[in-house]
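Encoded as structure tokens, the structure appears first; notes follow it.
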Amino acid sequence: MHPVVVVGGGPVGLVSSILLSLQGIQHLLFERYPSTSIHPKACGLNQRTLEIFRHIGIEDEVLQNGAPRDAHSRTAWYTSLGKKGREIHSCDAWGGGEYRVPFESASPSPYVVLPQIRLEPILQRRALQLNPTGVKYATEVLKIEEKSDRVIVTVQGVDGIQRDVEAKYVIGADGGRMVTDWLGISWEGEREIFDMVSAHIRAPLSQHHPESRAFISWFINPATGGSIKSGYMYHLGPYPSDPKTEEWYFGCAMLPSDPERFDTEATIKRVSQTLGIDGLNIELLSVSHWFVSSIVAEQFRSRAGRVFLVGDAAHRIPPWGALGVNTGVQDAFNLIWKLAFTLRGNHRNADRLLDTYDEERRPVASRVAHSSLSNLTNHAGAMDRAIGLTADQTYEENQRAIDISLDPTHSDYQRRRVEITKAEEVLKSEFGAHGTEVGWFYPSADINDEGKKTRHDGQIKPDGTFDDLIYHASTIPGHHLPHAWLQRGNVTISTRDLLVPDKFIMLSQTAGVWDWVRKASDFIKIELVNGGNDAWTDRDGKWQEVCNVGKHGAVLVRPDGIVAWRGKARDAKLSTLLGDLVSLNGAATASL
């Protein structure tokens, strides 16, 4: 019997495989397609995801293949890119311009743009490097049957022969195609909100684009409607960019006049109509029809407890905000260490530990799905309303509205520009939502209920809502270990680099005070900061600023970088946490 089977070999399934391998957990991964994705799909990778990639050893390769930082530092709205095209508005985004300092302060890793078609091969190579015989492409999972002590997975390879594979646990990472429904788990939320078409094209668009820093370009064409219906595009690389080889993604909502399915001719016609570039040579590489949905599975762990849902199998999130793949990768990072501790028998309350996956991740997914849907609604209306476009106006009326917004001599111009600036503020939740991207936390892990006293150090606003725009670093349990640069000799690392797959870490500023913890548990690694000759130096004083435990206190951090406990002295909650860990020889930690 295999310890784990992963169903699905997209980004989230591959990350799950890599994390399992780094934990030393034998497993199989089954993917029905012969190799990695051929359509671009996701592209924006936020800092929490890059930190995970740093942890699994692929961050450098991702950065080498991703877009240069300046190439995704702004977003802009245009009437078209043709000779008569005009820029309506542009603003900083994704860690560029006004966001640069807070982004650099929050993490050792940057925001990166890398399309899924280029990310998946990197993940695939790493997964195969760590598990060369366990990653099975062109192998379809036909069904899963969950028993009280195992899961039976029926698969079929290219030979057409069906085989049963038994596993203690299964991770459903199949994009919500089958596993969720097999388990009888319902979805909550809104389905099929928009019918979309996306095209992967090759064309020398950089020669016609007025702003090299604009990652996503939105079009507002009165002939096709507002910004979602007109379409949007972004550069897919490869980098360094070359007009002869550059690739682009174009997406738009389906119009009543569009064909039911887009063939090559219809796709190129629609792209050309929006871009408005005379004589543009477009090569269509792929086209995809899909529906925008904002839904979350009602539970992320099966009723019998042996199947877990991650990624799109657990939540389908609108792409406005680029949170779909990021949320899925972060699901896996939460889940895998818990499975590993369970399979190795290193936790006395293993079933309870596994339950925390659903308790922690589902609320995050629900909030992200809601905020992404809100981004979609705002995007479909905010900028269009500011300009004066409406669906019930004629082409001529909408064109006139755009002309007024671009004509400084018109009496209504200043009012329209004020409205456009207000629309930008509304849309910051899509392009500058640093709090949403890196500030999410797990309220259920706040074991001493400290967050209520300070509204989680400001991450919750006075009105009780989550601060989407600003990240507030905190060591309250349930929050991410804050980033701070540490130095020892010639070595400089982030506090985030201290994480290890199979241990908790404890950060202390005084040597000897917490040595009893090291003796009490094999799964605690003590890291001293400013605490003696062999300690790390808090290079910029940031750890001293954010740790909030005093000179003799400590912060205990889980393998996934989430604070498990903090305190100025030993207390009962810490003893309980340590008491749940089982030592390497199988005995529970004692004398606590």
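Every number in this text was worked out from the coordinates using simple rules, so none of it is lab data. Nothing here was measured: the structure is a model prediction, and the numbers come from that model. Glycine also receives a Cβ, built like all others from the backbone with ideal geometry; neighbour counts cover every protein chain displayed.
State whether the range 437-592 is rounded, prolate or oblate according to the following rule on the C-alpha gyration tensor (a ≥ b ≥ c being the square roots of its eigenvalues): a/c under 1.5 gives rounded; otherwise a/b larger than b/c gives prolate, and the remaining case gives oblate. The shape class here is oblate.
Placing unit charges on each Cβ (+1 for Lys and Arg, -1 for Asp and Glu) gives the chain a dipole about its Cα centre, and among S575, I526, W516 the Cα reaching farthest toward its positive end belongs to W516.
Along the charge dipole of the range 1-111, Cβ charges K/R +1 and D/E -1, which of V101, I52, A71 sits furthest on the positive end? Ranked along the dipole, the leading option is A71.
Take every pair of alpha-carbon atoms less than 8 Å apart whose residues are at least six positions apart; their mean separation over the length of the range 87-196 yields a relative contact order of 12 percent.
Would you tally the net charge around V141, using a Cβ to Cβ cut-off of less than 14 Å, leaving V141 out, and scoring K and R as +1, D and E as -1? Mind showing how you got there, number by number?
On the way: positive: R32, K136, K143, R163, R177; negative: E31, E140, E145, E146, D164, E166, D174, D181.
It works out to a net charge of -3.
Classified by the C-alpha gyration tensor, the range 1-125 has an oblate form. Its axis ratio a/c, with a ≥ b ≥ c, is 1.5 or above, and a/b does not exceed b/c.
Could you pull out every one of the aspartates and glutamates with an alpha carbon less than 17 Å from that of K525, ignoring same-chain neighbours closer than 8 positions? List returned: D497, D502, D515, D534, D560, D580. Pairing the Cα long axis of helix 413-431 with the longest principal axis of the chain, what angle in degrees results, from 0 to 90 and rounded to the nearest 10? Tilt relative to the chain: about 30 degrees. As a proxy for reagent exposure, ranking H209, H55 by other Cβ atoms within 10 Å from fewest up yields H209, H55.
The amide H of I216, built 1.01 Å from its N in the peptide plane, has A76 as neighbours under 5 Å, considering only residues 5 or more places off or on other chains.
Can you tell me the dipole magnitude for the chain around its Cα centre, using point charges on the Cβ only (Lys, Arg +1; Asp, Glu -1), in Debye to the nearest 20? Working shown, then result.
Values: 64 positive and 73 negative charges, 271 e Å.
Value, rounded to 20: 1300 debye.
Taking a straight Cα-Cα cut-off under 23 Å and skipping sequence neighbours fewer than 8 places away in the same chain, the lysines within cross-link reach of K244 are K41, K83, K269.
Rounded to a whole number, what is D in µm²/s for the range 306-431 from Stokes-Einstein with the Kirkwood radius over alpha-carbon pairs (25 °C, 0.890 mPa s)? Roughly 138 µm²/s, to the nearest whole number.
Could you tell me which of V426, T409, V364 has its Cα farthest along the dipole of the range 361-450 towards the positive end, charges placed at Cβ (Lys, Arg +1; Asp, Glu -1), taken about the Cα centre? With unit charges placed on the Cβ atoms, the residue in question is V364. Each principal axis of the Cα atoms in the chain has its own extent, and those three values, largest first, are 80, 61, 43 angstrom. Averaging the Cα positions of each part gives two centres, and for the range 495-517 and the range 292-332 these lie 31 Å apart. Using the structure shown, select from K143/K168; K428/K542; K519/K573 the pairs with a Cα to Cα distance greater than 22 angstrom. Violating the 22 Å Cα-Cα cut-off are K428/K542. Quick check: Cα centre of the range 214-235 to Cα centre of the range 429-448, how many Å? So the separation of the two Cα centres works out to 30 Å.
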